[in-house]
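Written out below as structure tokens is the structure these notes cover.
The values are calculated or read from the model by the stated rules, or taken from the named source; none is laboratory data. Not measured: the values here are computed from a predicted model. Here the Cβ is made from the backbone with ideal geometry for all residues, glycine too, and neighbour counts use every protein chain on show. Heavy atoms of the whole protein, side chains included, go into the accessibility calculation; ligands, DNA and RNA do not. Shrake-Rupley method; radii C 1.70, N 1.55, O 1.52, S 1.80 Å.
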Amino acid sequence: MERFLLKNIDSPDSAGIGEYLRTGGYASLKKAFGMEPADIIAEVKAAGLRGRGGAGFPTGMKWDFASRDPKFPKYLICNADEGEPGTFKDRPILEKNPHLLIEGMVISAYALKSERGYIYLRGEYPHARAVLDKAIAEAYEAGFLGGDVAGSGFRFDLSVHQGAGAYICGEETALIDSIEGRRGQPRIKPPFPVNVGAWGKPTVVNNVETLANIPLIVSMGAGRYSEIGNPECPGPKLFSVSCCVERPGVYELPMGIPLREIIYEHAGGVRGGRELKAVIPGGISTPVLTPDVLDCPMDFVNLPKRGSMLGSGAVMVFDDTVCLVRVCWRAMRFFEHESCGKCTPCREGTGWMRNILERMEGGFGRDGDIELLQDIARSIMGKTFCPLGDGAAGVVLGFLRNFSDEFMYHITNKKCLAESG
Amino acid sequence: MDIMDEIRDLSRKYPDRRGALLPALYVVQKEAGWLSQEALDTVSRALNLPQATVKGVATFYAMYKHRPMGRHLIQLCTNVACMIMGAERLVDLISGRYGLEPGGTTDDGRFSLVIMECIGACDRAPAMLVDTDFHADLTADNIFEILEKYE
Ligand SMILES: Cc1cc2nc3c(=O)[nH]c(=O)nc-3n(C[C@H](O)[C@H](O)[C@H](O)COP(=O)(O)O)c2cc1C
């Protein structure tokens, strides 16, 4: 497929504004200024763009809610927290194509009548920070940011707000807390950020990749754009492929491409020609799948039918040498560490589950541990403010649904099926 | 520019001065590599925020440090992709060579070691940050070649 989001990133100067302009950059912005803000929102709706941050919420609808709210000012926040383990898809945009993101943000801000934007960047990406600061300075210099964007009279200011190592701040309401200078703890919804967001004002939070799609929709028009990928949730999609494959990396492919093609054609297949055992399709918070789902289209519509989610599109491939009890334990250690502590079921439950998985993995598993894990997971599911707890519970339930034999083996034989195999 | 001015300058990017709290903590942390009581007080004065507010926020985020760190901070990822690609073995090797446990600092103050959650480099796992330098495709063979460059 032709690359749109990662177009040109192989060029050594791809991050510079000169190179971006030479390859047609900021043309969509100029086209957008010839449109009414409401028409841009309508175009994004018609394009069928769904948010790439994990939940797949329709972007046009989100924008509509925010623009209908009479309160001003309105804020536009780019979610560049990219903390979901297995995910590294926003990184090439941030480090190698930052002007695409800036152009997408300026168009979005114009559509939303927002004058102030922030890029919430995770603290673990110091290189991206340097690239973004430079790109923002270039955009101010060239008049694409500031008091009179490209001579249109529209004002938009943008800066980077750097996170400091808290996964939960990827969740949009915790992210808003963090921008306001607070501990990042999710807020109850409703009200939604589109009405009561940063500093109590209407706020749109969109993922890096979502915003990077905007210039494309404006330049192609909704009609042509929606011909890319699955018509039910169209567009190009970035997949981060990792773990046991020959060629791990970020691949820009049409939404809805079968999992098999991603793994075997693009990522070169399972490393060393080994046997595929399991796949996590959308980052560590999405339930694990067995190899019989290889023909499932990778999108927001089809993965839920197979018991998982597209999430951030982070495909983690496990071959027959990997101990899934260990993977599940490590995932739970992550959730325990990253639980913000606000909701009791998540704060306590993730630790309990990690503890049980740890004893199982260490050869001290007990009869009844599987049922105990399921019981705890079900006591977290749906009982927390934000989906971090649901994610942790869903991961455990997914492993137990699809690989209970391997967990049983660990308890009974006090060792790994993978290592004994 | 003096540090108070630098912090006040940051607060211009936000409609409310408290917005500058996270960036301000980074500014003062850069001075000594960690946040002493004095550093926290500076932020509290510059932004006119209660000391408890500043400390409460500073202790929530993993990247703010509350005791002196080594001259170089090794932040090694051991999340799933890095774990599968051998990160735990690297932790053992680092511990063995420098007598450095996760969360600790070497006696000579050269290195501190922190285990990180995913650093978004799963395609080149295992990976780490040393200070702000990114290193990936780590192996038992190259890890010390890299670390020995940091005095
Ligand atoms: C625990 C948790 C972590 C999240 N982390 C991220 C993240 O790192 N990046 C992101 O874009 N969205 C993340 N999200 C989703 C955001 O809450 C939000 O849905 C998203 O930024 C909206 O953007 P979109 O509509 O463009 O997808 C996270 C959600 C949860 C519950």
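When residue A:334 is tested against (1) within 16 Å of the ligand (Cβ to nearest atom); (2) in contact with a His (Cβ under 9 Å, 6 or more places away or on another chain), just one condition goes unmet, and that condition is (2). Considered as a group, the residues in the stretch A:76-93 that are more than 7 Å from the ligand (Cβ to nearest atom), closer than 23 Å to residue A:392 by Cβ and among the charged types (D, E, K, R) include one that is surrounded by the fewest Cβ atoms within 10 Å (Cβ to Cβ), and that residue is A:89.
What residue, of A:108, A:67, is buried (at least 17 other Cβ atoms within 10 Å of the Cβ), within 12 Å of the ligand (Cβ to nearest atom) and modelled with pLDDT of 95 or more? Of A:108, A:67, the one residue that is buried (at least 17 other Cβ atoms within 10 Å of the Cβ), within 12 Å of the ligand (Cβ to nearest atom) and modelled with pLDDT of 95 or more is A:108. Within the stretch A:230-271, the set of residues being more than 14 Å from chain B (Cβ to nearest Cβ), open to solvent by 30 Å² or more (accessible area, probe 1.4 Å) and not in a helix (DSSP H, G or I) comprises A:231, A:232, A:254, A:258. Would you mind stating whether residue A:274 is within 13 Å of chain B (Cβ to nearest Cβ), over 18 Å from the mean Cα position of the chain (by Cα) and of a type in the set (Lys, Arg)? Here the answer is yes, as residue A:274 does meet what is asked. Pairing each residue of the stretch A:165-186 that is basic (Lys, Arg) with any residue that is more than 8 Å from the ligand (Cβ to nearest atom) and in a loop (DSSP other than H, G, I, E, B), provided the two are 6+ apart or on different chains, yields C-beta distances under 6 Å for A:183/B:60.
Check B:41, B:16 and return the single one that is away from chain A (no Cβ under 14 Å) and open to solvent by 10 Å² or more (accessible area, probe 1.4 Å).
Numbers: B:16 fails: away from chain A (no Cβ under 14 Å).
Checking each option against the conditions leaves just B:41.
Close contacts from the stretch A:46-60, counting a first residue that is open to solvent by less than 30 Å² (accessible area, probe 1.4 Å) and a second that is at pLDDT below 95, with Cβ to Cβ under 6 Å and a gap of 6+ residues or different chains, come to none at all. Is it fair to say residue A:139 is of a type in the set (A, V, I, L, M, F, W, C), under 22 Å from residue A:27 (Cβ atoms) and either more than 16 Å from the ligand (Cβ to nearest atom) or within 14 Å of another protein chain (Cβ to nearest Cβ) (or both)? Yes, satisfied. Total residues in the stretch A:40-79 satisfying the condition of being hydroxyl-bearing (Ser, Thr, Tyr) and either out of contact with any Ser or Thr (no Cβ under 7 Å at 6 or more places or on another chain) or not assigned by TED's automatic domain parsing to the domain that holds residue A:184 (or both): the figure is 1.
Looking only at residues in the stretch A:172-188 that are open to solvent by 10 Å² or more (accessible area, probe 1.4 Å) and in contact with a helix residue (DSSP H, G or I) (Cβ under 7 Å, 6 or more places away or on another chain), which one is farthest from the other protein chains (Cβ to nearest Cβ)?
Residue satisfying both the conditions and the ranking: A:187.
Taking first residues from the stretch A:337-357 that are more than 13 Å from chain B (Cβ to nearest Cβ) and within 14 Å of the ligand (Cβ to nearest atom) and partners that are open to solvent by 20 Å² or more (accessible area, probe 1.4 Å) and basic (Lys, Arg), the Cβ contacts under 8 Å between residues at least 6 apart in sequence or on separate chains come to A:343/A:383.
Within the stretch A:124-133, the residues that satisfy the criterion of being within 23 Å of residue B:15 (Cα to Cα) and surrounded by fewer than 21 Cβ atoms within 10 Å (Cβ to Cβ) are A:129, A:133.
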